[in-house]
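Enquirer: Okay, here's the structure, questions in a sec.
Computed from the coordinates by the stated procedures, all read-outs in this text should not be read as laboratory data. Bear in mind the structure is a predicted one, so any value in this text is a computation, not a measurement. Positions of Cβ are generated from backbone atoms using ideal geometry, with glycine treated the same way; all protein chains shown enter the neighbour counts.
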């Protein structure tokens, strides 16, 4: 006697397959419509979120990175912070007040340096201090640490049926490790080692899709009323697929809007 898959399970299976196909189609359309070559794709991804002003950008091996120094720092800091903190299980708690104050200080440094840097673009206005790409990179890396400590607890709080109440950033050593990782990443970027151009460019721009995909997955989880229902990541493949599709769509729309305004990639 043959086993029959329940209709509900069969429907879920087809929905999953359909979303995965749609994900591949969305990615293929974006790849086709953006400039050719890996460099063209990397700069197109950066084009959606970053001003890409050359004087505000770092170069490695004579090639300008697809994101400005500040955005490169932010997304590299985000990537490695998320990677490190992801080993802390499904923690949702709020860190101590002093740790929060330090994370807020990182955000304030990022904001202050960004405002100071923007003053150089306004005629007749002098910045408070001379902007520097190294400082843009550093404040971006620190800001990435702060963002990771905001995004990951929200991710755990929204998705999982079972989560720990302990903070993601529960130990001072964790914060020290994140700062040391940021320092190491920043040093490697500033050393201008030619073969590191593509790893840095791919990781920084790839994190745009990762972070947007995570944020939109949370929104889809709320919209579909699936909060706190997942036990494993594979249980949320449809929600994650919808999130990544939406992220690709946003990147594409931002690229298109900017292209229409500037008439150039």
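Enquirer: What percent of all Cα-Cα pairs in region 54-193 falls into each 5 Å bin, going from 0 up to the bin containing the maximum distance?
Expert: 2, 10, 18, 20, 16, 13, 9, 6, 3, 1, 0, 0
Enquirer: How many angstrom lie between the C-alpha centres of region 20-34 and region 71-114?
Expert: 31 Å
Enquirer: Using per-residue counts of other Cβ atoms within 10 Å, averaged over each peptide, order 143-154, 36-47, 84-95 from highest down. Intermediate results must be reported in sequence, preceding the final value.
Expert: Values: 143-154: 22.0, 36-47: 17.8, 84-95: 16.2.
The densest-packed peptide leads the list: 143-154, 36-47, 84-95.
Enquirer: Semi-axes of the equivalent ellipsoid for region 17-85, please: Cα gyration tensor eigenvalues, times 5, square-rooted, ordered largest first, whole Å. Intermediate values should be presented prior to the final figure.
Expert: Details: eigenvalues 130, 67, 18 Å².
So the equivalent ellipsoid measures 25, 18, 9 Å along its semi-axes.
Enquirer: I would also like to ask the following. Stokes-Einstein diffusion coefficient for region 130-203 at 20 °C in a medium of 1.002 mPa s, Rh from the Kirkwood formula over Cα pairs: what value in µm²/s? Could the numbers behind the result be given before it?
Expert: Working: Rh = 14.5 Å.
After rounding, the answer is 148 µm²/s.
Enquirer: For helix 97-118, what angle does its Cα long axis make with the longest principal axis of the chain, in degrees from 0 to 90 and rounded to 10?
Expert: 60 degrees
Enquirer: Sticking with this structure for a sec: Going by the alpha-carbon gyration tensor, a ≥ b ≥ c the square roots of its eigenvalues, is region 130-255 rounded (a/c under 1.5) or, if a/c is not under 1.5, prolate (a/b greater than b/c) versus oblate? Show your work: numbers first, answer last.
Expert: Numbers: a/c = 2.51, a/b = 1.47, b/c = 1.70.
Verdict is oblate for region 130-255.
Enquirer: Compute the projected area of the convex hull of the Cα atoms of the chain, averaged over all viewing directions, and report it in nm² to one decimal place.
Expert: Numbers: hull surface 71.8 nm².
Computing the convex hull of the Cα atoms and averaging its projections yields 17.9 nm².
Enquirer: Round to the nearest 10 and give me the degree value, 0 to 90, for the angle of helix 37-47's Cα axis relative to the longest principal axis of the chain.
Expert: 80 degrees
Enquirer: Relative to the first principal axis of the alpha-carbon coordinates of the chain, what is the inclination of helix 172-190, with its axis defined by its Cα atoms, in degrees from 0 to 90 and to the nearest 10?
Expert: 60 degrees
Enquirer: With the Cα gyration tensor of region 224-265 giving a ≥ b ≥ c as the square roots of its eigenvalues, does the rule (a/c under 1.5 for rounded; else a/b larger than b/c for prolate; else oblate) give rounded, prolate or oblate? Kindly include the intermediate steps, with their values, before the conclusion.
Expert: Values: a/c = 6.24, a/b = 3.83, b/c = 1.63.
In terms of gyration-tensor shape, prolate.
Enquirer: Please state the shape class of region 46-99: rounded when a/c is under 1.5, otherwise prolate if a/b exceeds b/c and oblate if not, all from the C-alpha gyration tensor. Please report the intermediate quantities before stating the final value.
Expert: Details: a/c = 3.11, a/b = 2.53, b/c = 1.23.
Taking the square roots of the gyration eigenvalues as a ≥ b ≥ c, region 46-99 is prolate.
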